[in-house]
Each structure stands twice: as structure tokens, then as C-alpha cells.
Amino acid sequence: MQQAGACHLPNEDVEVLNSEYGKNVIKLLRIRREDKKHFIKEVEACVHISLDSVNEYLHGDNSAVIPTDTMKNIVLALAKCKGINTIEQFALDICNHLISSYSHVMHVKVYVQEVPWRHLEKNGVPHAHAFICVPEGIRFCEAEQCQKGCPLVISGIKELKLKKTTQSGFQGFHRDKYTTIPDRSDRVLSAELFCKWFYGKCQDIDFDCIWDTVHECVLEAFSGPPECGQYSPSHQKTVNNIQMLILGRVPQIQETEVTLNNFYYNVVDLQKFGLTNDKEVLIPVDIPYASYTCTLGRKKCFKEQA
């Protein structure tokens, strides 16, 4: 087979549609000490920027390029100088520093996620300096800012594992020759949740309070009242219940996106052992798994944007 010869287009024949670069997975632990009481934030940050030229791509001219190692060092220095009150404010601090320090940086994108550490407690009293990792979902945020533009902040929860053993079903769905599953009025609902939400404005927002409220909304809408629960006719309706509760309780949130990844359980056949199994022993099915996503926003917000 004859190999094609090298072909180089002149730069004037091409157009760079998007160009960005940055540093990923910048990990750090920030300790704040108040006498004997310690507070920690362990985070992972990713920082990407776009410049006002693409000479480094087209011409190999690095004179405007801010090294990614410099970006990493800026993140570490800001953690020291400004601290990390919330990951949202930390992401905004990174955006603001890059935009204000470098006039040729046109756009900044920052992603920060937090390791869920909590103070150890005994009899309701928090330990002064010992912590435990509590996996009630990972808190994350995204921040973006352009030169002479207002910052945009998105907050979220991911890898939140939820399960209920009843009050879930799936019936009356479309059927054709490929449909094999039966109607179910009582099944295990086991899911991993991803949820993020968009703020209208970033001024005077209590990010901690809103994150806690959204977290509570997710748990409440998924489970229902503690004494009786709430029936879920589909995973889609569960997603909607979560979103409606969030938008109803948090007016600062204009739009929310929720994904439920559902993991099935099969009832084990124990008849060969002479045993009955009334959905008491089940085996998880890891793959394939189903996924359900919806983005829900306020109509007033969409009208204002239009």
C-alpha cells in the first residue's frame, strides 16, 4: 500500500475554533487552626484558561503562555492567603486572580471538588482535631469568568448512593416484541445520584447553606416521610420530585440538572435448597445499568434570557 505523503496546510487556510489549556487534579489539604480546634478542607482543583491569541499553537510562540505549573502554584498560594471557606468562593478566587493578573487571559474555567471530611464525635461532642470521611456524596463546583464579565457558578453533588427497599415500581410502560421485563409494583430502588444547579447571581449567596438544603431535598424527595415513604412510579418521576423540591425551596437556584444511575437487583432462586425467597436475598447487577437525566429550570428565567 502506498503511503500518503506529508501534507501541511498554510495557517491562513485553517481557523482555531477553541483553544484552552490548564492543570488538572491539583490536590491539597488546607488546615485552619483556632487554638486547639482544627478545621480542614481537602480539595481537588482543575484550572483551564483561554488566551487572546493562539500563537503557541500556530507558530510555536510561547511568549504569552502561562505555564501550567504556575497555575498550580497560584492555587496553592491562594489556599494559603485566602483560605478555603467554601469551594465555590475558592473557585471564584482562582478565577478572579487569573482574570485580574493577566490581561491576555480571556476566559477561566475552574472545577473544585471536596473530600467529605467531618469531625469525629463522641456523645455529640466534636473532636478537636480528628476527622472521619463521611461518604454522603461529593461536593463539587464549577466557576467561569471572562474578561470584563460576571462570574458564573455551578454547585453540585455527585456519587451520592441511595437505596430504598420498597415503595418503588414500574408499570404500564410501552411494550413490543423486544420487551421482556414484567410490570413491577414493588421493587428495590438503588441509585447513584449526580445533581448540579445554576445560580442566577453570585452576590450574597450562602453556598454552604444552599448546598445543605439541596442535599436535604434530595434525601427527602427520594425517600418520602420516614414512617411510610413515598411511592415512585418511575425513576424519571423520582428525578422530577427531587428537582421540584429543590426549586421550591431555594429561590436562588434558576436551573437544576439531576441524573440517577440505577443499579438492579435480581431475586435469588432458593427453591433448589428447599427455601422460599420473598425478595429477601438479592444479587446486584452492576452492568449494564440505566441512567435517567433531566434539566429543569424556571420559566421566568428562560423568558428573561430570551
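The values are calculated or read from the model by the stated rules, or taken from the named source; none is laboratory data. In this text, all values refer to a predicted model and were calculated from it rather than measured experimentally. No Cβ is skipped: glycine too gets one built from the backbone with ideal geometry, and neighbour counts run over all protein chains shown.
Here are some notes:
- Taking the criterion of being over 13 Å from Pro251 (Cα atoms) and of a type in the set (A, V, I, L, M, F, W, C), the residues of segment 179-201 that qualify are Ile181, Val188, Leu189, Ala191, Leu193, Phe194, Cys195.
- Residue within segment 249-256 that is buried (at least 16 other Cβ atoms within 10 Å of the Cβ), part of a strand (DSSP E or B) and β-branched (Val, Ile, Thr) present: yes
- Taken as a whole, the structure places Asp61 among residues that are out of contact with any strand residue (DSSP E or B) (no Cβ under 9 Å at 6 or more places or on another chain), without any contact (Cβ under 8 Å) to a residue 24 or more places away in the chain, farther than 30 Å from Val134 by Cβ and surrounded by 12 or more Cβ atoms within 10 Å (Cβ to Cβ).
- Exactly one residue among Ala79, Ala128 is assigned by TED's automatic domain parsing to the domain that holds His38, in contact with a Lys or Arg (Cβ under 7 Å, 6 or more places away or on another chain), in a strand (DSSP E or B) and small (Gly, Ala, Ser), and that residue is Ala128.
- Only residues that are of a type in the set (A, V, I, L, M, F, W, C), at pLDDT 90 or above and either in a loop (DSSP other than H, G, I, E, B) or in contact with a Lys or Arg (Cβ under 6 Å, 6 or more places away or on another chain) (or both) were counted in segment 183-210, giving 4.
- The combined condition, being outside any loop (DSSP other than H, G, I, E, B) and in contact with a Leu (Cβ under 8 Å, 6 or more places away or on another chain), is not fulfilled by Ile99.
- Residue within segment 113-121 that is without any contact (Cβ under 8 Å) to a residue 40 or more places away in the chain and either outside the structural domain of Val43 (by TED's automatic domain parsing) or farther than 24 Å from Glu216 by Cβ (or both) present: no
- Within segment 132-152, the set of residues being surrounded by 15 or more Cβ atoms within 10 Å (Cβ to Cβ), at pLDDT 95 or above and closer than 25 Å to Val218 by Cα comprises Gly137, Ile138, Arg139, Phe140, Cys141, Glu142, Ala143.
- Hits in segment 257-299 - residues which are free of Cβ contacts under 8 Å to residues at least 40 places away in the same chain, assigned to a strand (DSSP E or B) and among the aromatic types (Phe, Trp, Tyr): Tyr289
- Where a residue in segment 223-243 is on the phi > 0 side of the Ramachandran plot and its partner, wherever it lies, is buried (at least 16 other Cβ atoms within 10 Å of the Cβ) and part of a helix (DSSP H, G or I), with Cβ under 8 Å and at least six apart: Gly229/Ser223
- Selection status of Glu159, under 18 Å from the mean Cα position of the chain (by Cα), buried (at least 18 other Cβ atoms within 10 Å of the Cβ) and modelled with pLDDT of 95 or more: no
- Flag if Cys217 is under 18 Å from the mean Cα position of the chain (by Cα) and farther than 20 Å from Leu152 by Cα: yes
- Here Gln171 clears all of (1) in contact (Cβ under 8 Å) with a residue 60 or more places away in the chain; (2) farther than 19 Å from Asn240 by Cα except the condition numbered (2).
- Tally, over segment 216-248, of residues that are surrounded by fewer than 17 Cβ atoms within 10 Å (Cβ to Cβ) and within 30 Å of Cys95 (Cα to Cα): 1
- Matching option when the condition is assigned to a loop (DSSP other than H, G, I, E, B) and basic (Lys, Arg), among Arg139, Arg175: Arg175
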